[in-house]
Structures are given as C-alpha cells and as structure tokens.
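Enquirer: Dumping the structure here so I can ask a few things about it.
The values are calculated or read from the model by the stated rules, or taken from the named source; none is laboratory data. Small disclaimer: the values here were computed from a predicted structure and weren't measured. Quick reminder, even Gly has a Cβ in these numbers, built from the backbone with ideal geometry, and neighbours come from all protein chains shown.
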Amino acid sequence: MTSVANAPAGEDLIRELADPAFKANPYPAYELLRRDPGWRSPSGYRVFARYNDVKEIMRLPSVFGQITRPQPSFHVMDPPDHTRLRKLVSRAFTPRSISARDEMITDVAASLLGQLKQAGRMEFVSQYAGPFPGLVIARILGVPYENGDRWNDWLNAVRASRGVVHYLDFDPGAVEQQAVTARTEGRKTADHLRRVMEERRSSLGDDIVSRLITAREGDDALTEDEVLFTLVLLLAAGLHTTTSQFGTILFTLLTRPHLIAEIESDPDLVPNAVEEGLRFDGALQAEHRLVVEDTTLAGVDLKAGERVMIVVGAANRDPEVFEEPDVFDIHRENAKSHLTFGFGIHRCLGAELARVELRAGLRTVLLGLPGLHLAGPAEFHPYDRFRGLGSLDVAWNSAA
C-alpha cells in the first residue's frame, strides 16, 4: 500500500480503498478518512471516521436513525419502539445473569481445549474460535450443540449479505441477491428457533429463551415474533463476531510473543488485553445510519435522507483519543473507551457476554498451550465491515 503520511484525501483515498491489500490492513485508508470528515464516497455515503464524530452520531438516534427493516428487532429500531423492546429484553441479560454463567463459559473453554490439546497444532478459527461461542450459545439457549450446525449456512449468508462496506460502488441487484439468500437461510433458522420456543413454553427453565418468554415490564411482555428476532440477533451477534474477535486478538498477540510471556506471568492482564484487542482490531468496523433531520456535523451540512457510514475501526485508532493508536498496548489505561460495542441506546446488549467469552477463551488458550506460536500465514476473510480471519494455523508444545 502507498504511504499516507502526508497524502491528501480524494483520489489517494479511493486508491487505498480499492487496493486489494485494504482487506488485510484497512488502517492506512482509515487515516485518510479521519482527515476528511463527511467525505462523500462514490457509492453515496457520507463517511465519518473521527472518534468524536462517530460517538456523536451514535449518541443522537433522533438525528441519525437506524436504516430500519420491517422486523421486530430492537437493533434496527429507533425510539420509542426501541426503548420498549430493549427494556424488556434487558431483563433477560442482566449483568448478574451473565456473571453467573462465567464458570460455565470457562468450563466450555477448557473442555474444548482438552479435546484438541494433544494434537500439537490446529486451525484455530474452525477448530476453536468458531465452536467455542457456538457451544456457549447452545448452553445459554438450552439446546444440544448439534443443533448449532444448522446455524452455519445462515451465518455465512448473513456475513456475505452485510459484511461489505460499499465505499466505492453499490450494486443493488447483487446486494438484493445476497439478501434473498440470507433470508432463505434465515427462515430455516427461524423455524428451528420457533420449535425451541414452543418446547420451552411447556417447560420453562433458567435459559435465555425462558427468560425472554417470561420477561415483563408491568403488563407488557414480548410478543412471539419479538422473542424470535431477539434470539436471531443473539445468534448473529454472538457467534460470528465473537469468533472473529477471538481470532484477531490471538493473531495480534502471536505476532508479539513478548506480550504472551507477560500474560503468562500475570494472567490478570487478560481483561485489558481483550479491551485493547477490541480497540486495536475490532470485529465490527463500520455501521450505517440514516439522517433523519437536517443537521451539521464537523462543519458538514447533512440533509434528511442522506446515508451515513460511521467507521468504528478508524475511530478506535484516532490519535486525538488514543496515544500511539497503532501500538497494541495491553497496559493501555483507556483501552475500554473503544466503540466496538457501540455507544448510547444501540450499544451491544451482549457486550458483557462477549467479554466473558473472550476473557475465558483467551486465558484458557494462552495458559493451556505452552509454546503457542504461528504455524503458517494468517488469512483475513474478504469482509471489511465484519473484520476477521478466515484461517489461523497455530502449534504448541504438546505432551505427545
């Protein structure tokens, strides 16, 4: 990629975004995006990448609304509907209920590693980072893990449909075809979840499905469709994003073995290492918003109806907020100020669950696999909105 130390935006920015190397390393292009707030991309988006601009857009849903779809999911709703639905769903995701699952999640991490440890090597994404959150979600839903196999085709279709940031072009036909495939696979997953809900209504327990079915706010309760779409959101956000984040954090550490040595000496560094991983190379790189009313941001006049792109990955490396932002520093004091989980009313409801999973998984792998190291080149998958690795070969000193 070209050096961008002193390059202006415009044509140089388009070249960076079009460069095939952008998928593996988007951060030089992000530096240019931060220099040109409100840049109008060739695809028509107004793009904002500075930390304070991105946070402001997230903070003001009445001005920058969600690009909604006709479904009862609070992720794509604005107030007042979002307020009602999120309040009800939050009753099933209390911090106490998540922390109570800490031991279970740690046990899942250790059990999975136990099945793989003697081999001495593995492809980390498919053998550990993928199955681990799947096993956790299966426990949380109260279904056999084998049922999770049916989620994979749908998740892959969703990633293909929504995983590309259309900075330079936008082909409505191609996008719609990907969306059709995602909806087809989604119906299969929805039918499966409806059967789970039917079974649970006659045998309530302490699982998330039961908690959503019984959630109450006064006389208000979730409808069947609202429970369904919340479960769909839990799967989509709790599986592929956690898998992606786990892979990028481990890869970043493996390319800096001195940090692994630090963590092995002091496992209490794991929580902040996770936060720094979320900041440094977050699984969610960009989000869409729609201008609801005329406004001005960063000196840029925006008209109602304009589409806005907020580049979270760029905001997380804003030097105005994070000192030496391109340095991966597991001691960084403000690492948790990242925006990877969002901000404001649309902040990820499953953020604490993801944190527990990442902490437990990372601690288990780093402390349980002595001599862990890269065993081949890592490959990033082709999606730039949901960043992650397609493969990561690792090896360690096995007892065998």
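Enquirer: Yes or no: ASP107 among the acidic types (Asp, Glu), at pLDDT 80 or above and within 28 Å of ARG195 (Cβ to Cβ)? Steps first, please.
Expert: Working: among the acidic types (Asp, Glu): yes; at pLDDT 80 or above: yes; within 28 Å of ARG195 (Cβ to Cβ): yes.
Judged against the criteria, ASP107 is a match.
Enquirer: Right, another one. Could you go through segment 271-280 and let me know if any residue there is more than 30 Å from TYR45 (Cβ to Cβ), surrounded by fewer than 20 Cβ atoms within 10 Å (Cβ to Cβ) and at pLDDT 85 or above.
Expert: Let us first name the residues in segment 271-280 that are more than 30 Å from TYR45 (Cβ to Cβ), namely 271-274.
Subsequent filtering for residues that are surrounded by fewer than 20 Cβ atoms within 10 Å (Cβ to Cβ) retains 271-272.
Imposing the further condition that a residue be at pLDDT 85 or above reduces the set to 271-272.
Yes, there is a match, as at least one residue in segment 271-280 is more than 30 Å from TYR45 (Cβ to Cβ), surrounded by fewer than 20 Cβ atoms within 10 Å (Cβ to Cβ) and at pLDDT 85 or above.
Enquirer: Here's something else I'd like to know. In the set ILE57, ILE67, which member is at pLDDT below 70 and either surrounded by 13 or more Cβ atoms within 10 Å (Cβ to Cβ) or touching a Leu at 6+ places or on another chain (Cβ under 6 Å) (or both)?
Expert: Going through ILE57, ILE67 in turn, the sole match is ILE67.
Enquirer: Just checking, how many residues over segment 289-346 are touching a Pro at 6+ places or on another chain (Cβ under 7 Å) and among the acidic types (Asp, Glu)?
Expert: 1
Enquirer: So which of LEU239, LEU250 is under 11 Å from the mean Cα position of the chain (by Cα), under 17 Å from TYR128 (Cβ atoms), aliphatic (A, V, I, L, M) and buried (at least 17 other Cβ atoms within 10 Å of the Cβ)?
Expert: Details: LEU250 fails: under 11 Å from the mean Cα position of the chain (by Cα).
Only one candidate passes the filter, namely LEU239.
Enquirer: Something else about it: Take VAL327 and decide whether it is without any contact (Cβ under 8 Å) to a residue 60 or more places away in the chain and within 27 Å of ASP393 (Cα to Cα). Break it down stepwise before answering.
Expert: On the way: without any contact (Cβ under 8 Å) to a residue 60 or more places away in the chain: yes; within 27 Å of ASP393 (Cα to Cα): yes.
So VAL327 fits the description; yes.
Enquirer: Please work out if ASP225 is surrounded by fewer than 23 Cβ atoms within 10 Å (Cβ to Cβ), among the acidic types (Asp, Glu) and under 27 Å from GLY163 (Cα atoms).
Expert: On the way: surrounded by fewer than 23 Cβ atoms within 10 Å (Cβ to Cβ): yes; among the acidic types (Asp, Glu): yes; under 27 Å from GLY163 (Cα atoms): yes.
When the stated conditions are applied, ASP225 passes them.
Enquirer: Considering only segment 375-393, state which residues are more than 28 Å from PHE341 (Cα to Cα) and either surrounded by 15 or more Cβ atoms within 10 Å (Cβ to Cβ) or of a type in the set (Gly, Ala, Ser) (or both).
Expert: Start the filter on segment 375-393 by keeping residues that are more than 28 Å from PHE341 (Cα to Cα), which leaves 375-377.
Answer for segment 375-393, where residues must be more than 28 Å from PHE341 (Cα to Cα) and either surrounded by 15 or more Cβ atoms within 10 Å (Cβ to Cβ) or of a type in the set (Gly, Ala, Ser) (or both): ALA375, GLY376.
Enquirer: Now, a different point. Looking only at segment 348-364, count how many residues are crowded, with 18+ Cβ neighbours inside 10 Å and among the acidic types (Asp, Glu).
Expert: 1
Enquirer: Within segment 244-259, track down each residue that is closer than 19 Å to PRO377 by Cβ and not charged (D, E, K, R).
Expert: Pass one, segment 244-259, residues closer than 19 Å to PRO377 by Cβ: 244, 246-257.
Hits for segment 244-259 are SER244, PHE246, GLY247, THR248, ILE249, LEU250, PHE251, THR252, LEU253, LEU254, THR255, PRO257.
Enquirer: Any residue in segment 209-217 that is free of Cβ contacts under 8 Å to residues at least 40 places away in the same chain, exposed (fewer than 13 other Cβ atoms within 10 Å of the Cβ) and over 29 Å from GLY282 (Cα atoms)?
Expert: At the first step, the residues of segment 209-217 found to be free of Cβ contacts under 8 Å to residues at least 40 places away in the same chain are 213-214.
Still in the running and exposed (fewer than 13 other Cβ atoms within 10 Å of the Cβ): none.
So far as segment 209-217 goes, no, none of its residues is free of Cβ contacts under 8 Å to residues at least 40 places away in the same chain, exposed (fewer than 13 other Cβ atoms within 10 Å of the Cβ) and over 29 Å from GLY282 (Cα atoms).
Enquirer: Given the criterion buried (at least 16 other Cβ atoms within 10 Å of the Cβ) and out of contact with any Gly (no Cβ under 8 Å at 6 or more places or on another chain), identify the matching residue among PRO42, PRO28.
Expert: Working: PRO42 fails: buried (at least 16 other Cβ atoms within 10 Å of the Cβ).
Result of the check over PRO42, PRO28: PRO28.
Enquirer: Looking only at segment 308-336, filter to residues that are over 22 Å from PHE22 (Cα atoms) and of a type in the set (Val, Ile, Thr); which one of those is surrounded by the fewest Cβ atoms within 10 Å (Cβ to Cβ)?
Expert: Looking at the filtered set, the residue picked out is VAL321.
Enquirer: So, one more: Give me the pairs: first residue in segment 341-356 and in contact (Cβ under 8 Å) with a residue 24 or more places away in the chain and at positive phi, second residue of a type in the set (Val, Ile, Thr) and crowded, with 18+ Cβ neighbours inside 10 Å, beta-carbon distance under 9 Å, and six or more apart or on different chains, which are they?
Expert: GLY342/VAL312
Enquirer: So, in segment 217-236, exactly how many residues are more than 11 Å from ARG194 (Cα to Cα) and in contact with a helix residue (DSSP H, G or I) (Cβ under 8 Å, 6 or more places away or on another chain)?
Expert: In the first step, residues of segment 217-236 are kept if they are more than 11 Å from ARG194 (Cα to Cα); the result is 217-223, 226, 230, 233-236.
Then drop every residue that is not in contact with a helix residue (DSSP H, G or I) (Cβ under 8 Å, 6 or more places away or on another chain), which leaves 217, 220-222, 226, 230, 233-236.
Of the residues in segment 217-236, 10 are more than 11 Å from ARG194 (Cα to Cα) and in contact with a helix residue (DSSP H, G or I) (Cβ under 8 Å, 6 or more places away or on another chain).
Enquirer: Taking the stated definitions as given, is LEU302 of a type in the set (A, V, I, L, M, F, W, C), under 22 Å from PRO42 (Cα atoms), touching an Asp or Glu at 6+ places or on another chain (Cβ under 9 Å) and in contact (Cβ under 8 Å) with a residue 24 or more places away in the chain? I'd like the intermediate steps shown before the answer.
Expert: Details: of a type in the set (A, V, I, L, M, F, W, C): yes; under 22 Å from PRO42 (Cα atoms): yes; touching an Asp or Glu at 6+ places or on another chain (Cβ under 9 Å): yes; in contact (Cβ under 8 Å) with a residue 24 or more places away in the chain: yes.
Here the answer is yes, as LEU302 does meet what is asked.
Enquirer: How many residues does segment 277-296 hold that are farther than 19 Å from VAL125 by Cα and of a type in the set (A, V, I, L, M)?
Expert: Qualifying residue count, segment 277-296: 4.
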